[in-house]
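The values are calculated or read from the model by the stated rules, or taken from the named source; none is laboratory data. Please read all numbers here as calculations on a predicted model, not as lab measurements. Glycine gets a Cβ as well: all are built from the backbone with ideal geometry, and neighbour counts include every protein chain shown. Protein only, heavy atoms only, side chains kept; ligands, DNA and RNA dropped before computing areas. Shrake-Rupley method; radii C 1.70, N 1.55, O 1.52, S 1.80 Å.
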Amino acid sequence: MLPHDNTSPSGGQTIEPLQGIRVLEVASHVFVPIAGGVLTEWGAEVLKIEHPVTGDPYRGLVTAGLHKSYNGIDPSFQYANRGKRSVAIDLKTPDGRDLVYRLAGTCDVFLTNFRPDARRRLQIEYEDIRADNPSIIYVRGSGYGGRGPDVQRAGYDAAAYWSRSGMSHAFTPQDAEWPTGQRPAFGDVVGGLTIAGAIATALYRRATTGEAAVVDVSLLGVGMWQLQPDIIHAKLDDPNTRSAAHLDRSHSWNPAVGNYRTRDGRFITLMMLDADRYWADLCDVLGHPEMATDPRFVDMAARRENSPACVELLDEIFASRDFEEWRRILERAKGAWAPVQSPRDVHDDAQAQANGYLADVEMANGTSLTLVTSPVQFNEEPWSPTRAPEHGEHTEEVLLDLGLTWDDLVDLKNRQIIL
C-alpha cells in the first residue's frame, strides 16, 4: 500500500497530491500543454521547454490577430500554461539536446505532442529520453493515435476531435448548409484533462510495480469516447433516423426535459428524467397544479401521447415571466433544472464561487486574470493556480540548479542555444 496522509480537511492544510513530481514538457499550443497546467495545480513542477527565439507558437497567435491581448496578457496562453517554469533551449542543437537529456534525468514524466518525424529528428523518442532515466514516464499526445495511416498527420482539435470523431455531424442540424463549428480549444481542454489523469495513473503504476509506462492519448480517441452513445448506436439504428437532438421539440418523449423560453428571451432547462416522480411538484411550483391531474398529462405515457399540447402549455407558462423571476421560483422545485447561462454569467454564479471553480490570478504585470480551476479537488480544497511564465523566464534558474555555471550560461547564450 502506498503511504497516505490522513490529515483532516478541516485542518486547513493545502493538499498537493503530486508534490515532488517533476514533469518535462516539450509541447506547443493547447492539447498537451494544458495537461501540464492541470498537473501544476495538483502540485507537480512542470518545466516547459521553448525555443529561445520563437517560444511556444501559441504565444504568437496574439501577434497574428487570432488571440486577444488584455493589458498585455494573453488569456489563452495563461489558461493552458498556468503554474509552469519556462526554460528556453534550442533542441535542434546537440548542446541543446544534451541539456534536455540532463533535465529529463531529473524528471518523473516527459510530455510531448510532437509528431513522430519531429521526435526522431530532434532525437527525443522514448529511447533517447530513457537512455539516462529508464524510470521516466513517456507521454505522447497526438491527433490520431500512435498507429495507422494517419499517425504522421497534423491533428488540431477542430479536425481530429470535432470533425473526424463525428462530433460536428452530431451537432449540425440536418437542414444546415454548413457543419457546426466547435468552440475554441473545445477538444484540447478535455483531452488535456484526460492526459493528466493518465499521468497520475502511470505514476501510481510505477510506484506499485516499478514499471514506467509509455502513455498515448489522441484527440480522435477522446472525441470518440465523449461521443460514444451516438457512435455505439450508429450501427444499430436506422441510418435515416434523426438524432434526438434534432427532433421537433413539440414532439418530446418527455416535456419535463427540454428548454423553455422566458418572457425576456432567455431560457430555462428542465431535466426531470423521472418525470412521474416530479411532475406534480413542478406543476405546483409553476403555479398550475391543475396540470398534474389533467388526463392528458397525468403520467409519462399521457404526456408523451399529448406532447404538443403539453409543450405548448409549458411554453406559455414560461413566457409569462422573466428569467430571473423563474430562477427564484424554481429554487423550490425538487426535480433537476438549470438556467441557460452565458460564459459571462458563470463569473457571477454563486455555486461556482462557493466551490472555488474560479480563481483570480495575479499576472506578471500586476493585473489580475480570472481562470477556471481544475475540476478535480482533493480533501475539499479548491485550487489556487498561478500565472503562466514569461518566455524563458526560468532558464537561468533551472540550468544553474542543474549544475551549470554562469560562464556556461554566457557561452550558451552567445551561441543562441538558450535565451
Cα gyration tensor shape for the range 37-98, rounded if a/c is under 1.5, else prolate or oblate: oblate
Fraction of beta bridges assigned by DSSP in the chain that are antiparallel (%, nearest 5): 45 percent
For the range 377-392, Karplus couplings with θ = phi - 60° (6.51, -1.76, 1.60), whole Hz, Gly/Pro x: 10, 10, 6, 6, 9, x, 7, 10, x, 10, 5, 6, x, 5, 4, x
Mean Kyte hydropathy of 0.0 or more with a Cα span along the axis of at least 18 Å, helices from DSSP in the chain: 186-209
Highest-fluctuation residue, 269, 194, 395 considered, GNM on the chain with Cα pairs under 10 Å: 269
Cα shape, the range 271-369, gyration tensor, a/c 1.5 rule: prolate
Prolate/oblate/rounded call for the range 253-292, Cα gyration tensor, a/c under 1.5 rounded: oblate
Where GluC sites (Glu not before Pro) in DSSP loops with at most 14 other Cβ within 10 Å are excluded, longest remaining stretch of the chain: 1-176
Residue 321 long-range amide H proximity, modeled H, under 5 Å: 263
Listed residues 303, 332, 119, most fluctuating in the chain (Gaussian network, C-alpha, under 10 Å): 332
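Kindly report the accessible area of the chain per residue (heavy atoms of protein chains, probe 1.4 Å, no ligands, DNA or RNA), in Å².
Working: 22340 Å² over 419 residues.
Roughly 53 Å² per residue, with all protein chains present.
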Label assignment, Rg/Rh (Cα atoms, Kirkwood Rh) derived from the structure, set (i) 1.05; (ii) 0.97; (iii) 1.00: (i)
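Work out how much length residue 250 to residue 370 would gain on full extension: take 0.36 nm times their residue separation and subtract the Cα-Cα distance, in nm to one decimal.
Between residue 250 and residue 370, full extension yields 39.2 nm more.
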Residues whose placed amide H lies under 5 Å from that of residue 123, excluding near-sequence neighbours: none
Cut-off under 5 Å, modelled amide H: who pairs with residue 50 long-range: 87, 88, 89
Set of lysines with alpha-carbon distance to residue 84 below 28 Å, sequence-local pairs under 8 removed: 48, 68, 92, 413
